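Colleague: Please read through the structure below; I'll follow up with questions.
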Amino acid sequence: MLSFALAFLAGICALFCSQRLPGGTVLVAAALAIWPAWRWRHRVTRWAAPALAGFCWAAWHASQLLAMQLPAELESRDLEVRGQVTGVPERLSPERLRLPFRIEAWRHGDDWQHAVLPVRLAWYRDAEPMQAGERWQLRVRLKRPHGLANPGGFDYQRWLIAHAIRATGYIRTGPGNVRLKKSDATPWQGLRARLSAHFQQLDLPARQRALLRALALGDRAGMSRDQWQVLQRTGTSHLLAISGLHVGLVASLVFGFAELGWRRLGGARHWPAPRAAALAAMLAALLYALLSGFQVPAQRATLMIWMWMGAILAGAGAQPRQVLGLALLATLLHTPLAVLTAGFWLSYGAVTLILYLCLGRHGSTGRLRRTLHVQLGLVAGLTPLLWLWFQQAAPAAPLANLVAIPWVSLLVVPPLLLAVALLPLSPGLADGLLSLTGLSLQGLWGFLQWLDFGGAALWSAPPVGVAGLALFSLGLLVLLLPAACGVRALASLLALPVFLAGAPRPAPGDLWLTLLDVGQGLAAVVETRHHLLVYDTGPAWPGGFDSGSRVLAPFLRQRGYRRLDRLGVSHADTDHSGGAHALYRAMPTASIHAGEPAEIPWATAGDCRQSPGWQWDGVSFTYLAAGRRGVGNNASCVLKVTASDGRSVLLPGDIESGVETALVEERREQLAADVLVAPHHGSATSSGRGFIAAVDPAWVLFATGYRNRFGFPRPTVIERYRAAGARLLDTAAAGAIDVRIEAGRSLRVQGWRRQHPRLWHPVDP
């Protein structure tokens with residue numbers, strides 16, 4: 001069964017690794033081949049049959065979901081919709097909400113038209129209380145699924161399709177937002193909403209309330225960014241949100257108490273106590289999983305528990321491989337899109353590793369030693385998955401989990417669940433138990449913060465290709481084999497190449513530029529053979545997102561960098577400087593240049609206008625200043641970077657027409673460049689004809705956000721550049737743009753989306 005499930009999984013993965021959905025002819029041929037492949041009694045074809053079935057199953061699910069499309073003409077315009085809140089809304093602040101919503105109709109003209117569109121909405125101001133299951137009429141602005149596309153960055157579009165979300169947007173505050181019907185939620189949705197509201201009102205510190213909600217309900221909305229960082233850096237994120245461990249713990253406790261109680265009551269004379277206990281454990285696992293929102297880890301644990309308990313009910317034994325295979329297959333049949341989430345791989349990876357580490361290896365080894373072996377094996381074995389998904393791993397995880405697992409299992413989850421059960425019977429007693437549980441969590445949190453070493457507990461993995469990661473994973477599996485196998489020396493040989501191989505770098509005199517996709521803002525990375533410059537750092541947004549920590553730092557780590565030689569901040573506008581402080585904290589930085597150095601209070605910055613030019617590895621860097629100093633946009637540092645073969649890139653920040661004119665008059669001979677990052681994102685106040693003629697670029701790159709409210713780049717500006725013979729590319733459509741100027745080779749300019757097309761972010765032809 002496990003082999004069948006793995007082949008089915010391989011077929012699903014093949015579908016999601018493809019660039020587009022297969023055509024009808026391909027799908028029909030694949031479906032017709034399933035039965036002959038299964039009937040032909042050969043091992044290879046027997047594996048091909050479930051793989052083809054998984055491919056077809058995933059293709060059908062994906063096609064159904066992708067067919068739900070917001071019409072292009074309805075994007076970014078006010079739209080009246082009717083529908084239902086499909087999950088517990090997340091209260092981000094007293095005035096802000098985020099919620100899943102299913103649109104069932106929208107107004108087109110004077111008529112309401114039927115629609116089916118699952119969306120994710122935010123309500124930024126004066127948000128009214130909302131509950132799961134309620135029906136509302138709302139005034140919204142929507143856009144199709146879109147996210148930032150950068151090497152090493154979080155793929156928001158993949159996350160959206162994995163959670164079956166087909167549009168995002170926000171609710172426009174006003175009288176058009178009307179509750180049409182009180183909650184029509186399932187009993188579990190309503191119970192989760194009431195419990196979440198109760199937790200929010202507890203007289204406890206916000207941090208403790210957030211952790212209690214996460215453990216009891218899987219509701220992680222209240223957890224702060226600092227909390228998530230501590231959990232990530234100590235490898236304990238799986239513990240302080242509902243996971244398979246907690247579902248298994250609940251089932252185990254209920255099984256033990258039910259078996260004891262059934263014997264004490266004399267029920268064993270009529271029906272065996274293990275069977276009665278198995279039935280109670282199955283029910284408890286299902287109820288707790290539903291209470292948690294039935295996420296993938298809870299699904300996996302519930303399925304496995306039901307199969308094991310089902311074997312007890314039937315009076316038969318259950319093989320761990322069979323149980324794991326059945327649970328995996330059931331999850332994939334229910335939600336094939338789960339393979340697009342890290343949680344799916346980490347969840348099943350952890351269970352598989354535990355079986356691999358435990359089965360047949362007990363012998364005379366002590367319990368503590370076995371526990372340490374499993375913990376170390378889990379951390380080591382899951383490292384490739386953490387490497388692949390997050391480019392990071394937590395060396396402190398073995399010690400953290402050695403303390404945190406029993407702490408949460410014995411001192412947190414049992415009293416927490418008892419308190420939830422007592423709430424309708426004795427609210428006072430329940431709240432007392434919750435307070436004690438909060439104190440227990442506070443003690444655990446202090447230990448995790450001590451282990452975090454002020455943020456130094458996270459290891460940034462070196463960059464590695466697919467082949468290197470596969471060899472590293474194989475080496476770890478060999479290392480985890482019993483010592484009696486005598487092949488552990490082979491593990492070092494397999495894993496060593498990963499640490500010896502370095503990321504590619506430009507040759508001396510060559511220049512690599514990456515214009516990152518940071519939405520409506522600018523962030524550029526310039527690489528030479530041995531040096532690194534970051535020019536602008538993109539925006540920071542009120543919700544806590546900043547492109548310094550979310551885009552730039554992951555990109556630089558993925559490229560193998562651990563420090564910056566120079567950080568340039570063109571000017572103080574937040575769409576250019578918003579991520580600077582976070583990047584400065586994330587990476588040691590040798591020096592900072594800025595157009596408005598007085599606006600950088602967190603570090604000492606030099607004035608770029610007073611900086612002499614410099615050379616790195618045969619590449620020249622020159623700031624071009626003209627006329628008297630401007631303010632705001634016109635204070636921008638204008639940087640020209642020239643490779644050893646004379647080809648160059650011009651980074652002008654947000655300068656406007658006045659500064660452009662002065663540069664043309666005073667620095668015309670220095671303005672010519674092969675690649676130009678358009679001034680001020682393609683605003684109509686910049687890119688004058690004289691400036692374009694002086695630069696005469698072969699390529700013009702626009703740093704813009706998808707459907708940004710300014711309408712950048714402006715159509716008139718686009719036409720000016722096209723009339724000058726330049727080729728155009730913008731980050732909103734292309735994602736991160738990679739520019740390579742290499743001696744003896746033609747100029748290469750490529751967009752990340754075209755280089756890495758996927759089903760969930762197709763590229764326009």
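Laboratory data are not the source of any read-out in this text; all were calculated from the coordinates shown. Everything numeric here is computed off the predicted structure, so don't read it as measured data. FYI the Cβ positions are ideal-geometry reconstructions off the backbone, even for glycines, and counts take in every protein chain you see.
Colleague: What is the stretch 580-632 by shape, rounded, prolate or oblate, if you read a ≥ b ≥ c off the alpha carbon gyration tensor as root eigenvalues and call it rounded for a/c under 1.5, prolate for a/b larger than b/c, and oblate otherwise? Display every interim value, and only then the final one.
Modeller: Working: a/c = 2.77, a/b = 1.12, b/c = 2.48.
Oblate shape, in that a/c is at least 1.5 and b/c is the bigger or equal ratio.
Colleague: Now for a separate question. Could you work out the helix-only [θ] at 222 nm for the chain, with each DSSP H run of four or more residues adding -39,500 (n - 2.57) and the total divided by the number of residues, to the nearest 500 deg cm²/dmol?
Modeller: On the way: 26 runs with 343 residues, N = 765.
Theoretical 222 nm ellipticity from helices: -14500 deg cm²/dmol.
Colleague: Spin-label point model (7 Å from Cα, Cβ direction): what's the LEU423 to LEU747 distance in nm?
Modeller: It works out to 6.2 nm between the two label points.
Colleague: How big is D, in µm² s⁻¹, for the stretch 98-175 by Stokes-Einstein at 25 °C and 0.890 mPa s if Rh is the Kirkwood radius over C-alpha pairs?
Modeller: On the way: Rh = 14.0 Å.
For these conditions, the coefficient is 176 µm²/s.
Colleague: Multiply the residue gap between ALA470 and ALA14 by 0.36 nm, knock off their C-alpha separation, and tell me the result in nm, one decimal place.
Modeller: Working: separation 456, 0.36 × 456 = 164.16 nm, distance 1.71 nm.
Separation in residues times 0.36 nm, less the Cα-Cα distance, equals 162.4 nm.
Colleague: Continuing with the same structure: What chymotrypsin sites (Phe, Trp or Tyr not before Pro) does the stretch 627-720 have in DSSP loop regions with at most 12 other beta carbons within 10 Å? Display every interim value, and only then the final one.
Modeller: Numbers: sites: PHE691, TRP699, PHE702, TYR706, PHE710; in loops: TYR706, PHE710.
The qualifying sites: there are none.
Colleague: Say a paramagnetic label sat at a point 7 Å from the Cα of ARG107, along Cα to Cβ; which residues of the stretch 50-94 have their backbone N under 16 Å from it?
Modeller: Answer for the stretch 50-94: 77-83.
Colleague: Sticking with the crude label model, points 7 Å out along Cα→Cβ, report the distance from GLN755 to VAL631 in nm, one decimal please.
Modeller: According to this spin-label approximation, the distance is 4.1 nm.
Colleague: Also: Mind listing which chymotrypsin sites (Phe, Trp or Tyr not before Pro) in the stretch 39-89 are in a DSSP loop and have 16 or fewer other Cβ atoms within 10 Å?
Modeller: Details: sites: TRP40, TRP47, PHE55, TRP57, TRP60; in loops: TRP40.
Passing sites in the stretch 39-89 are TRP40.
Colleague: Quick one: helix 296-314 against the long Cα principal axis of the chain, what's the angle to the nearest 10°, folded into 0 to 90?
Modeller: 20 degrees
Colleague: Normalised by the number of residues in the stretch 511-755, what is the relative contact order in percent for Cα pairs under 8 Å and 6+ residues apart? Present the calculation step by step, with values, prior to reporting the outcome.
Modeller: Values: 570 pairs, mean separation 41.6, N = 245.
It comes to 17 percent, rounded to a whole number.
Colleague: What are the ³J(HN,Hα) couplings of the stretch 573-589, residue after residue, when phi is run through the Karplus curve with 6.51, -1.76, 1.60 and θ = phi - 60°? Round to Hz, x for glycine and proline.
Modeller: 4, 5, 6, 10, 10, x, x, 5, 5, 5, 5, 4, 6, 7, 9, x, 10
Colleague: Now a separate question. Rounded to the nearest 0.05, what FRET efficiency do GLN69 and ARG269 give with R0 = 56 Å and r taken as the Cβ-Cβ distance? Could you check? Provide the component values of the computation, followed by the final result.
Modeller: On the way: r = 62 Å, r/R0 = 1.11.
It comes out at approximately 0.35.
Colleague: Given the C-alpha atoms of the chain, compute the convex hull and give its volume per residue in Å³. All intermediate terms of the calculation are to be shown ahead of the outcome.
Modeller: On the way: hull volume 156.8 nm³, N = 765.
In the chain, the Cα hull volume divided by residue count equals 205 Å³.
Colleague: Within the stretch 40-115, which trypsin sites (Lys or Arg not before Pro) sit in a loop by DSSP and count at most 16 neighbouring Cβ atoms inside 10 Å?
Modeller: On the way: sites: ARG41, ARG43, ARG46, ARG77, ARG82, ARG91, ARG96, ARG98, ARG102, ARG107; in loops: ARG41, ARG77.
Listed in order of number, the matching sites are ARG41, ARG77.
Colleague: Related question: Output the 0 to 90 degree angle, nearest 10, between the alpha-carbon long axis of helix 397-406 and the longest principal axis computed from the alpha carbons of the chain.
Modeller: Its long axis makes an angle of about 40 degrees.
Colleague: Quick one: 3J(HN,Hα) in Hz for the stretch 424-436, Karplus 6.51/-1.76/1.60 with θ = phi - 60°, rounded, Gly and Pro as x.
Modeller: x, 8, 8, x, x, 5, 4, 5, x, 5, 5, 5, 5
Colleague: Ok, one more. Subtracting the Cα-Cα distance from 0.36 nm times the residue separation, let me have the gained length for ARG369 to ARG585 in nm, one decimal.
Modeller: Working: separation 216, 0.36 × 216 = 77.76 nm, distance 3.91 nm.
In short, 73.9 nm is gained.
Colleague: Starting at the first residue of the stretch 334-342, write each ³J(HN,Hα) from the Karplus equation 6.51 cos²θ - 1.76 cosθ + 1.60 with θ = phi - 60°, in whole Hz, x for Gly and Pro.
Modeller: 6, 9, x, 5, 4, 5, 8, 10, 5
Colleague: While we're looking at this one, here's another question. Given contacts defined as C-alpha pairs under 8 Å and at least six residues apart, what's the relative contact order of the chain, whole-number percent? Before the final figure, lay out the partial values.
Modeller: Numbers: 1447 pairs, mean separation 72.0, N = 765.
9 percent.
Colleague: Also, I was wondering about something else. On a 0 to 90° scale, report how tilted helix 206-217 is relative to the longest principal axis of the chain, with both axes built from alpha carbons and the result rounded to the nearest 10.
Modeller: The helix 206-217 is inclined about 50 degrees to the chain.
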